[in-house]
């Protein structure tokens, strides 16, 4: 059996709809896809995508066996992994690259379980989730495909993959379905390779087994934004990424995005606290003035003005285009 693993993010709903509209019911490989969705997503996407073409799109159940003629989509807030015996495993494990479901866990599991029989595809999306997973597919003898970044609504994900992974095929979305049909019917060209220890450890997604992560990573100077444990830098030359013992994982880009978001939150929290202090001081000033304590009221007013000036300086420190 061959498996076709697909990863996408921004612009992905339209891209998957276009792809499904051109894939036949007798596709030679079983397709599984991850698209970044909110945890509280209502889950209507499979029904919507099923209308695009003959393949039935669905959120699988834990332990479900792969069947041809179906298109498996990772459920909201769960990682989707595939095992060698053709079983789908769902996991509410730690987020990777700020996402659950994330693309890398699916791709790593397919690489480890199917080797040359895995075909990895990266479509439109922001940042670089999927790059490390596609690298695992390549290293395991599988086939790598990306949407042409010039054709993608959000080119970052396929562009990142192209920079760091040896890509077998780069095509616009309009030519992707015929390529995948052909690849799914061909015998794999790659040879099955011994799974690296790091791939075995990271493919599990289970905290107990991730205790061995120290074997494939070195302690860094950074702490995990989610659990505040030490982040280990994974020993991998092509993709700079980090993982903690709990299992949270980040590429350098996703870690930077997380830190930027934390910085923004801190800045606006500081501005809000200063403005609220100024408002309270103004109330105190008015209360003192009503009681006939002019000197005390003037002091409160001065402090209120100072707080407002500090709040203004904090706001100026942030790029105006982000306001």
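Just the Kirkwood number for the chain, please: inverse of mean 1/r across all distinct Cα pairs, in Å, one decimal. Mind dumping the intermediate values first?
Numbers: mean 1/r = 0.0462 Å⁻¹.
About 21.6 Å for the chain.
Contact order for segment 232-289, expressed relative to its length and based on alpha carbon pairs under 8 Å spaced 6+ residues apart, stands at 16 percent. If a spin label sat at a point 7 angstrom from the Cα of residue 252 along the line to its beta carbon, the backbone N atoms of segment 141-161 nearer than 18 Å would be those of 156-161. When only Cα pairs below 8 angstrom with a gap of at least 6 residues are kept, the chain shows a relative contact order of 14 percent.
Rounded to the nearest 5, the antiparallel percentage of DSSP beta bridges internal to the chain is 40%. Over segment 1-85, consider all pairs of different Cα atoms and compute the Kirkwood hydrodynamic radius from their mean reciprocal separation; express it in Å, one decimal. Kirkwood hydrodynamic radius for segment 1-85: 13.0 Å.
Report summary: the helix-based calculation at 222 nm, which adds -39500 (n - 2.57) for every DSSP H run with n ≥ 4 and divides by the residues of the chain, gives -12500 deg cm²/dmol. For the chain, the longest principal axis of the Cα atoms and the long axis of helix 176-185 meet at an angle of about 40 degrees.
Quick one: angle between helix 103-114 and the longest Cα principal axis of the chain, in degrees between 0 and 90, rounded to 10, please. That works out to roughly 20 degrees. Helix 252-290 and the longest principal axis of the Cα set of the chain meet at an angle near 20°. With a simple spin-label model that places each label point 7 Å from the Cα along the Cα-to-Cβ direction, the separation between residue 92 and residue 279 comes to 3.7 nm. The P(r) of segment 2-185 has a tail past 29 Å containing 8 percent of all C-alpha pairs. For segment 256-322, what D do you get in µm² per second when you plug the Kirkwood radius from alpha-carbon pairs into Stokes-Einstein at 10 °C and 1.306 mPa s? Taking Rh from Cα pairs, D becomes 121 µm²/s. Across segment 2-185, the mean sequence separation of Cα contacts (distance under 8 Å, 6 or more residues apart), normalised by length, yields a relative contact order of 24 percent. The three principal axes of the Cα atoms in segment 59-111 give end-to-end lengths of 31, 21, 16 Å, sorted in falling order.
A short reminder: the numbers here are calculations on the coordinates, not readings from a lab. Keep in mind that what you see is a predicted model, and the values were worked out from it rather than measured. Because the Cβ atoms are built from the backbone with ideal geometry, glycine has one as well, and the counts that use them run over all protein chains shown.
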